[in-house]
Amino acid sequence: MTKPKYGRTDANHAEVIGWFEQLGCIVTDTSQVGGGFPDIVCGLIGRTLLVEIKTADGKLLPSQKTFNAKWRGEQPVVVRTQIDCIELVQRIRRGK
């Protein structure tokens, strides 16, 4: 039997969580959920963000693409770098 694909995290997973927490977000690690569900859920000023963490060259898996296509809430966001995290939080704080 093969191991399920979910459960693996990208090399920058812990770093990204730390960056969001430093920016004032509450973060829940959802990387073990599976089914293409994003890696983390971030709460910030009344907003709930689904965030997929990828490395610089990481690609979305087919299950992640399917989840995103079917999701009827705010679309998940892909972050790769600390700059991505900062820009996302700044955009949310500006009300965008």
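A few points about this structure:
- Top-ranked residue of segment 82-96 - restricted to ones that are open to solvent by 60 Å² or more (accessible area, probe 1.4 Å) and of a type outside the set (A, V, I, L, M), ranked as nearest to residue 14 (Cα to Cα): 82
- Residues (more than 20 Å from residue 12 (Cα to Cα) and open to solvent by 40 Å² or more (accessible area, probe 1.4 Å)) located in segment 43-56: 45, 46, 47, 48
- Of all residues in segment 1-14 being surrounded by 14 or more Cβ atoms within 10 Å (Cβ to Cβ) and at pLDDT 90 or above, the one that is nearest to residue 67 (Cα to Cα): 13
- Between 39, 29, the distinction of being at pLDDT 95 or above and in contact with a His (Cβ under 7 Å, 6 or more places away or on another chain) belongs to 39 only.
- Here segment 57-70 is the region considered, the condition is being open to solvent by 40 Å² or more (accessible area, probe 1.4 Å), within 14 Å of the chain's Cα centre (by Cα) and not charged (D, E, K, R), and the residue that is nearest to residue 22 (Cα to Cα) is 60.
- Subset of segment 18-28 that is out of contact with any Phe, Trp or Tyr (no Cβ under 7 Å at 6 or more places or on another chain) and open to solvent by less than 80 Å² (accessible area, probe 1.4 Å) - its residue that is farthest from residue 85 (Cα to Cα): 28
- Taking every residue in segment 25-54 that is touching a residue at least 12 places away in the same chain (Cβ under 8 Å) and pairing it with any residue that is outside any strand (DSSP E or B) and of a type in the set (Asp, Glu), at least 6 positions away or on another chain, the pairs with Cβ-Cβ distances below 6 Å are 27/21; 31/39; 52/39; 53/10; 53/39; 54/10.
The values are calculated or read from the model by the stated rules, or taken from the named source; none is laboratory data. These numbers were taken from a predicted model, which means no experiment stands behind them. Cβ coordinates were reconstructed from backbone atoms using ideal geometry, including for glycine residues, and neighbour counts include every protein chain displayed. Note: accessible area is taken over every heavy atom of the protein model, side chains too, but ligands, DNA and RNA are not part of it. Shrake-Rupley method; radii C 1.70, N 1.55, O 1.52, S 1.80 Å.
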